[in-house]
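Here's the structure, in structure tokens; my notes come after.
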Ligand code: NAD
Ligand code: 0WE
């Protein structure tokens, strides 16, 4: 049985009710986990209110601002986790960002600044969050991140995000190797395209979704709930022998060559 009762789970990356992180948070909650939620703060606090109202039914015992580009804010998150929970069992890393201009046109036009931003927010952030979490994972733990096929193969316009996902997937392996002796497992889920705030801002996403619906073995795309179920599995003892892996939750699309 998939049972996460007594587990403390820190979930990053919820922006709205379409977020993959929201799908994951709901499944972790359904499996009995105690939730902590971080959100990206903005000047007007509109984002905070929206996410706070959304997650309220899941009774998170922690609700904290965390811009992963802000080291002090990351430190404050883990200080609060230590004070409130004493230990953490699960870390969900479910965030990415590249400048919009860098997700269209020629990849060779990517600026140094754009490259750094994408890699910093989308890949380095897993390293810094894992560093904060590992000392609090005193009973072992599970770290799960979200990746995409564009980090392994060329997907038109994914551009610098593909390089960030390639780095993220190697972060998974190096972290799994380092943290394994402490019984901390680190895995990634490579999700197929899903309509979310981030993906809907991308030109042509609907065409990509239709392509997957025609070509993927299951002849459809996947849902936030299906990704959430896979995450719950990777966070539970059912996957106790699995670390350093990328699990494709993509309706089978990745196996196809033609
Ligand atoms: P989303 O827009 O709902 O989530 C992205 C999150 O990143 C948001 O909550 C946003 O606040 C957060 N974020 C951005 N910059 C941040 C920063 N500096 N500090 C902290 N948080 C920051 O979109 P999503 O599609 O749910 O994306 C979640 C993850 O899933 C991403 O890693 C994305 O690459 C991955 N993914 C998405 C798809 C898809 O098709 N939607 C497919 C595969 C993988
Ligand atoms: O990882 C992602 C989305 C990542 C993303 C999206 C945006 C749009 C808005 C990162 N940064 C931004 N910045 C913005 O300003 N996906 C896997 C979804 C996605 O994005 C694509 C895709 C797919 C699929 C971009 C191009 C091609 C395909």
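FYI, it's all coordinate maths here, none of it is from the lab. Source: prediction; values computed, not measured. Cβ coordinates were reconstructed from backbone atoms using ideal geometry, including for glycine residues, and neighbour counts include every protein chain displayed.
Structural remarks
- Neighbour counts of other Cβ atoms within 10 Å put 255, 121 in the fewest-to-most order 255, 121.
- Relative contact order, percent, the chain [alpha-carbon distance under 8 Å, six or more residues apart]: 21
- Rounded to the nearest 500, the 222 nm mean residue ellipticity of the chain from helices alone is -12000 deg cm²/dmol, with -39,500 (n - 2.57) taken per DSSP H run of at least 4 residues.
- Ranked by the mean number of other Cβ atoms within 10 Å of their residues, highest first, the peptides 108-118, 2-12 come out as 2-12, 108-118.
- Spherically averaged projected area of the stretch 163-222 from its Cα convex hull (nm²): 5.6
- Helix 125-134 vs. the chain, principal-axis angle (Cα, 0 to 90°, nearest 10): 20
- Percent RCO, i.e. relative contact order, over the stretch 118-166, from Cα pairs under 8 Å lying at least 6 residues apart: 46
- P(r) weight above 33 Å for the chain, C-alpha pairs, percent: 14
- Considering only Cα atoms, the convex hull volume of the stretch 43-118 works out to 142 Å³ per residue.
- To the nearest ten degrees, helix 205-215 and the longest principal axis of the Cα atoms of the chain are 80 degrees apart.
- Descending Cα extents along the principal axes, the stretch 30-175, whole Å: 47, 37, 31
- Folded to 0 to 90 degrees: helix 159-179 orientation relative to the chain principal axis, Cα: 30
- Diagonalising the gyration tensor over the Cα atoms of the stretch 198-247 and scaling each eigenvalue by 5 before taking the square root yields semi-axes of 28, 13, 10 Å, largest first.
- Prolate/oblate/rounded label for the stretch 1-86 (Cα gyration tensor, a/c 1.5): oblate
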